[in-house]
Structures are given as structure tokens and as C-alpha cells.
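Data first, discussion second: the structure below is written as C-alpha cells.
The values are calculated or read from the model by the stated rules, or taken from the named source; none is laboratory data. The shown structure was predicted, so the numbers you read here are calculated from the model rather than taken from an experiment. Here Cβ is always computed from backbone atoms with ideal geometry, including for glycine, and neighbour counts include all displayed protein chains. Keep in mind that these areas ignore ligands, DNA and RNA; they rest on the heavy atoms of the full protein, side chains included. Shrake-Rupley method; radii C 1.70, N 1.55, O 1.52, S 1.80 Å.
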There are 2 protein chains.
Amino acid sequence: MRPNWLDVPIAAPSQKHRQEALNHQGQLTKPPGSLGVLEKIAVDFAGWQHTVKPNLEKLKIVVFAGDHGVVASGVSAFPQSVTVEMVKNFSRGGAAITVLAKYLNALFEVVDVGTVNDPGPLPGVVSSRVGAGTFDMSQGAAMDEKQLYAALEVGRQAAIRGHEAGVQLLVGGEMGIGNTTAAAAVGGVLSGLSPALMAGPGTGLDSVGVAKKTVIIQKALNVNKPDANDPLGVLRKVGGFELAALAGFYITSAQLGIPVLVDGFITTSAALAAVRLRPELAEWMLFAHLSEEPGHSALLAAIGGQALVDLEMRLGEGSGAAVAVPLLQMACSLHGGMATFAQAGVSQG
Amino acid sequence: MRPNWLDVPIAAPSQKHRQEALNHQGQLTKPPGSLGVLEKIAVDFAGWQHTVKPNLEKLKIVVFAGDHGVVASGVSAFPQSVTVEMVKNFSRGGAAITVLAKYLNALFEVVDVGTVNDPGPLPGVVSSRVGAGTFDMSQGAAMDEKQLYAALEVGRQAAIRGHEAGVQLLVGGEMGIGNTTAAAAVGGVLSGLSPALMAGPGTGLDSVGVAKKTVIIQKALNVNKPDANDPLGVLRKVGGFELAALAGFYITSAQLGIPVLVDGFITTSAALAAVRLRPELAEWMLFAHLSEEPGHSALLAAIGGQALVDLEMRLGEGSGAAVAVPLLQMACSLHGGMATFAQAGVSQG
């Protein structure tokens, strides 16, 4: 049965504080609007934090890892063993996202939602396994209902841990060989776009590999017949454990009044599923970067999101989100730290 | 006479260390190329710092302030008094660039190259005045040769101070009511583009104001007949003290082996003049952001630069450059901090 917590109300950003922040922006010593997107971000945080001068000092990055049965059909440039190997690399601090988390002084956690082999206890890794990888979606549903609800709950618990730590922003990342295939399927169904538009090179397929991936996604759709009006069914049939966990993570974050910064192709696909479940969630989302994965711009359009930066990245792990975090921090610093025309004795235009 | 130091050789980035850094990138635990632009930045810094694992811990932001006689012709939404008022605001830490410098823990300095009124001694402000604002370029040359060479020297001395402080990056910013008009004239002449293409709203002109600004720039070109093959003549006739100082700053930085991060429309115009004087300088330049000022993309194309971010900013002061600094730092951190496939025991694709 659909978990009750999915229907807990999403928090409401404060329109009063948004308006006050907007008024404050107009008083700062700069031409009106000249800080562009940074002004909008500061106003968003004012609404989220219910204060005219918000700040962003404490954030948490959570990487959800899971494996994908569909890899058996040959959809990735890397072997499936890499998922667990990378979980170990996260644990030891050698991966891109761990270097970035350290640079940002962010809280960091890896959640094993179901890699194909249990890596056993590792420092910084929360074991919340709902299975040993998904079933091959080109042969049937990727997971059963029990696994879907368990994966959503894994994401929910990660958001609750972030809330308990007092963070002002949550960033979701993912690791899972084959998960651009699942994300392409989920995102394609929910946005009404064909597998040919959604399938891309992922970690590095050539054009033949991408064509094969497209065929396998189409096969998964034919076998499972996911319904765009049933986002939970889409996640269950052609998603993945980490995608479902991300959806639960995003929804719970917004229920708890914590904004989320969405990373790239895979996280946007999970975010789209989450927004289709709870449309008010969209008010709590920032979109960090435009991925090189070709389907990402279509997914952003479907969710109505604008990426902050385009650095031609396509790594996942939350790395594209992490690099955008300083922009959010600087937006808040500028908003709170600049003098007003009156304070500075500067003439207005 | 043209200062001899302009012809001191530009330092050469180390091709050997660039190649070693490129090889190192290929060994890091990520799909090849998946960090996009960040990989290229790390390789650039490796060449600049003559080391396979560069870092960016110490940087300096220098804001050059100057006034413009052409403001008398009505080209700005703000009164000329704002230049000195903002110099005082910089000194007290209330301006956007000072908030950003603090966030970045960057060394910061304001250089008064010639505001219309001498503000007198102020904390953090270096007084290097070469005049009380330029002459109205719509009536004759903006400055004489002595002033031009003095302004170039002011920029040179600022770069030398940065070098003495041991910085790994120099960021130039500017403040000067009317300086988008001068920058449009300089940039337009050097790139062969018409005033109509280069003139924009600046701090906030409406379409009538922009049309008037275009006419005044055209008048300045008719009166001064600047020659695109004589960048120093262009700076003297239709430039500004802070533009000339920026050109001297960029050239000296590269002579001293320090890369520069170029900000927006005005600094790119100064950078274009500097590159036309010393084409090897281009190897030491990064371009931070695409300004909302409409002529900026054409100037970037003329100089062959690619902006790292587009945040719809149009404030100047070096603010668009400052917000991009964390990207450079993270690029170096990732390059130096990530594990290799061999170190992490991760399988390669």
C-alpha cells in the first residue's frame, strides 16, 4: 500500500519574507537586477528560511548507490562491479563528490540502497539495502512494490537525518552502473519523450552502444507498459533503487522545509517522478547544472527547471550540484552583507 | 614614448606539465572527460604553475576606479558622484565585490586611477590618480599620452604587488560611471563592430538612453578616428584610466607568470586591447562570466574567450569573476585530490 507519509503536506515558503527580501534587494548598492540569478536565489532562500536575510552555512550531500539488472543486457561502458568499487572509493574519500564535499565543508553520507554485492560495513556508508540490484527491466518489473516502498523510505530517512543535523540544503547524488538507462526510461515515460531522445552515452557509450541502449529501453517499455499518470508505477517498473530513494529524499526534504539542489540527468529524472507525485515540491527545488547527457535539457524542460551552470559535466554522484553550491552561498552572502544606498551614502540612479 | 616594459616577454606555460596533468586526468576515478570544463581548467593551472598538481589558495582582486568626461554628454543612468561614493563603499566593505572577496578569503585592493573628485586617504584604497577623470571623448581624446602611460603603469604596479604577495590568480575589476561607453568604443574599434552593436543599457539606460549613447560613441569615433591597429591609441582616444590600468595589469600579470580571470564587458574590452598589444597574453586568461550587457558575447568572440558561467549578471566591479573563482578552486582540488583507478581498485571501462 502506498506509504501514508508521501501525502504529508509539503511546507509552504513564506511569501511575506520573499517580498521583504525582494524589497531589500532593491536597496542594495548596485543597479537593480544587476546580480541576475543570484538575486532570485537569495529571495528563494528568504522564503524557505522565513527570514529576510537567509544564509547557507550547513548542507549535506547524500549519494544513493544501487545496481541495475538491465546491465546484463549490455547498456554500460563500465562493468557492474564498479558500483561497489566506487562505494568503497566514496568511503575512502577518493571520488569526485567526496573531494567536493570536503571543499564545501559539507556533511556527507553514502547510502547503499542495493548494490549487487554487499560491501559490508564501511565508514561513512549507511547500509539500507532493499535488494541485490534490481531485476532486468527488459525482462519484467525492475522491483516489486515492497522494494519500491522500502527504497522510498530509505530516501525519506536520509532526509530526516539531514533535518536532524540542522542543514539548510540537501543535495542528492547517485552511483549505479546502468542508471542512465533507468533514468532515461523513467524520464522518458514521465515527459512523454521517446527512448531515442532520452538515451545517451552515459559513462561513455559510442553511437552503436547508444542505439543498443535505446532498443533495450524500448523493450523495457513494451514489457512493462508503465503509465505516465502513475509515477510510483513508473519507478517500480523501469526505475532503480537509488532513483526511488532520491524521490523519497526530495519529497521528505520539502515536507521538512529544506530546499534541495538537483544534480544532473539521473537526479532530475527522480525529481520529475517526485514532482509528479507532489507538484508543490517544485517550489523547493534548485537545478544546479546542465549535464552533457543529451536528454537532460528535455527533462529540465519537463520539470520547468533552469540549470545554474553548464560546465559540460556528466559524472553524476552529485558533482554537478556540488560545484554550484558556492553560487548559492555567495547569493546569500551578497544579499545579507551588502550595504544599502542609505547606509553607504551612495546616490541612486 | 611607449613604455619598454610593455615588450617584456610574456611567460610561457609549461607544455610538459600540461601533458602530465592531462595524463593524470585520464587516471582519475571517473569516466574520461566527465568533469568537462573543470578538467581543462586544472590542466591550464598545471601549465601555469609548472606542476602536475596545481592549487589555487591565494588570489587577489583589484578594482580600478576612474571617471569619464563623456558622462557630461548624458550616457549613464547614475550621476558621476557615484564613482567616488562606491570607492568609499568598497573601502567600508559594503559593495558586492567586497562581500565576495571576503567570502573567497581573497586579498583585495581598490586603486583610484582618477576619479573626478579625490576621495583622500581611505583604508584599502591605493591612490594612483593620473587625472580628475578623462576628457569628454565626444569632444577630443579621452587622455593624453602621458596619462595613458601613467595609467598602464598603475595597472602594472598592482600586478607587481600581487606577485610580491605570492598570489596564484589575479582578478581585475572596475568602477567608473560611464565606463560601458568607453568600453563599447574601445571594444567596438578593436573588434570591428559598430557602436549600435556595442552600446547597451549599462547600469540601466532605457532604449532611448541606449540610442543616445550609440550616437555619442559614434561622435567620439568621428572626432578621434581611432585606428584598430594601434591599441594604445584606441585606449588613449576613447578609453578610460581604469581600462588602461586593466590592460597594464593583465600584461604584467602574464609577464610575471600569473593567470588572470577576466570579469565582464568592461574588463573584456580592456583585455582585448591588451591581447592586441601582446597576443601571447591570451594563454594566461580565463573568462569568468557572460554579462547581460549585450555587446559582451561579441567581445568574447573577438578575443576567442569562453565564459565559464552565465548568471545574467551585469554589475561589474569584478563580481562576475569572483563568483567563478570557486569553480577554479574546485577544478584544482578535484585534479589533485581524487584517487586514480589503480589507487582505488576501481575497474576501468
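Give the residue that is nearest to the other protein chains (Cβ to nearest Cβ), with candidates limited to residues of the range A:59-107 that are among the aromatic types (F, W, Y) and touching a helix residue (DSSP H, G or I) at 6+ places or on another chain (Cβ under 7 Å). Write out each step before concluding.
In the first step, residues of the range A:59-107 are kept if they are among the aromatic types (F, W, Y); the result is A:64, A:78, A:90, A:103.
Filter once more, so that each one left must be touching a helix residue (DSSP H, G or I) at 6+ places or on another chain (Cβ under 7 Å): A:64, A:90, A:103.
Details: A:F64: 18, A:F90: 10, A:Y103: 5 Å.
By that ranking, first place goes to A:Y103.
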For the subset of the range B:330-349 comprising residues that are at the interface with another protein chain (Cβ under 7 Å from one of its Cβ atoms) and out of contact with any helix residue (DSSP H, G or I) (no Cβ under 7 Å at 6 or more places or on another chain), which member is most open to solvent (accessible area, probe 1.4 Å)?
-> B:Q343
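Give me the residue from the range A:25-42 that is part of a helix (DSSP H, G or I) and within 21 Å of A:G305 (Cβ to Cβ) and, out of that set, most open to solvent (accessible area, probe 1.4 Å).
Let us first name the residues in the range A:25-42 that are part of a helix (DSSP H, G or I), namely A:25-27, A:37-42.
Still in the list and also within 21 Å of A:G305 (Cβ to Cβ): A:37-42.
Values: A:V37: 25, A:L38: 4, A:E39: 27, A:K40: 120, A:I41: 5, A:A42: 0 Å².
Among residues in the range A:25-42 that are part of a helix (DSSP H, G or I) and within 21 Å of A:G305 (Cβ to Cβ), the one most open to solvent (accessible area, probe 1.4 Å) is A:K40.
Quick one: would you say B:N117 is open to solvent by less than 40 Å² (accessible area, probe 1.4 Å) and either over 20 Å from the mean Cα position of the chain (by Cα) or within 12 Å of B:G240 (Cβ to Cβ) (or both)? Break it down into steps so the answer makes sense when it comes.
Details: open to solvent by less than 40 Å² (accessible area, probe 1.4 Å): no; either over 20 Å from the mean Cα position of the chain (by Cα) or within 12 Å of B:G240 (Cβ to Cβ) (or both): yes.
For B:N117, the condition - open to solvent by less than 40 Å² (accessible area, probe 1.4 Å) and either over 20 Å from the mean Cα position of the chain (by Cα) or within 12 Å of B:G240 (Cβ to Cβ) (or both) - is not met.
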Checked against (1) more than 30 Å from B:T83 (Cβ to Cβ); (2) facing another protein chain (nearest Cβ under 7 Å), B:E312 satisfies every condition except (1)
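Take A:A307 and tell me if it is at the interface with chain B (Cβ under 7 Å from one of its Cβ atoms), surrounded by fewer than 23 Cβ atoms within 10 Å (Cβ to Cβ) and of a type in the set (A, V, I, L, M, F, W, C).
Working: at the interface with chain B (Cβ under 7 Å from one of its Cβ atoms): no; surrounded by fewer than 23 Cβ atoms within 10 Å (Cβ to Cβ): yes; of a type in the set (A, V, I, L, M, F, W, C): yes.
Judged against the criteria, A:A307 is not a match.
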Residue among B:G26, B:G33 that is more than 30 Å from B:A184 (Cα to Cα), out of contact with any helix residue (DSSP H, G or I) (no Cβ under 9 Å at 6 or more places or on another chain) and within 14 Å of chain A (Cβ to nearest Cβ) | B:G26
Within the range B:205-231, the residues that are hydroxyl-bearing (S, T, Y) and open to solvent by 40 Å² or more (accessible area, probe 1.4 Å) are B:S207
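Residues that are closer than 22 Å to B:P31 by Cβ and in contact (Cβ under 8 Å) with a residue 40 or more places away in the chain: which helices (runs of 4 or more DSSP H) entirely in the range A:205-288 hold 3 or more of them? Show your work before the answer.
Values: elements: A:207-224, A:231-238, A:241-255, A:265-277.
Here the list reads A:207-224, A:241-255, A:265-277.
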Inside the range B:175-189, can you point out the residues that are within 25 Å of B:I258 (Cα to Cα) and open to solvent by 10 Å² or more (accessible area, probe 1.4 Å)?
-> B:M175
Per-region count, the range B:46-85, residues open to solvent by 20 Å² or more (accessible area, probe 1.4 Å), more than 30 Å from A:Y103 (Cα to Cα) and among the charged types (D, E, K, R) = 1
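Just checking: which of the strands (runs of 3 or more DSSP E) contained wholly in the range A:58-168 hold 1 or more residues that are in contact (Cβ under 8 Å) with a residue 60 or more places away in the chain and not polar (S, T, N, Q)?
Numbers: elements: A:59-66, A:107-114, A:125-127.
Once the strands (runs of 3 or more DSSP E) in the range A:58-168 are filtered for at least 1 residues that are in contact (Cβ under 8 Å) with a residue 60 or more places away in the chain and not polar (S, T, N, Q), what remains is A:59-66, A:107-114.
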Members of the range B:170-203 found to be outside any helix (DSSP H, G or I) and in contact with a Lys or Arg (Cβ under 9 Å, 6 or more places away or on another chain), listed by number | B:L170, B:V171, B:A199, B:G200, B:P201, B:G202, B:T203
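Given the condition hydroxyl-bearing (S, T, Y) and touching an Asp or Glu at 6+ places or on another chain (Cβ under 9 Å), answer yes or no: does some residue in the range A:170-191 qualify? It would help to see each step written out before you state the result.
Quick first cut of the range A:170-191, residues hydroxyl-bearing (S, T, Y) only: A:180-181, A:191.
Applying the additional criterion that residues be touching an Asp or Glu at 6+ places or on another chain (Cβ under 9 Å) yields A:180.
Yes, some residue in the range A:170-191 is hydroxyl-bearing (S, T, Y) and touching an Asp or Glu at 6+ places or on another chain (Cβ under 9 Å).
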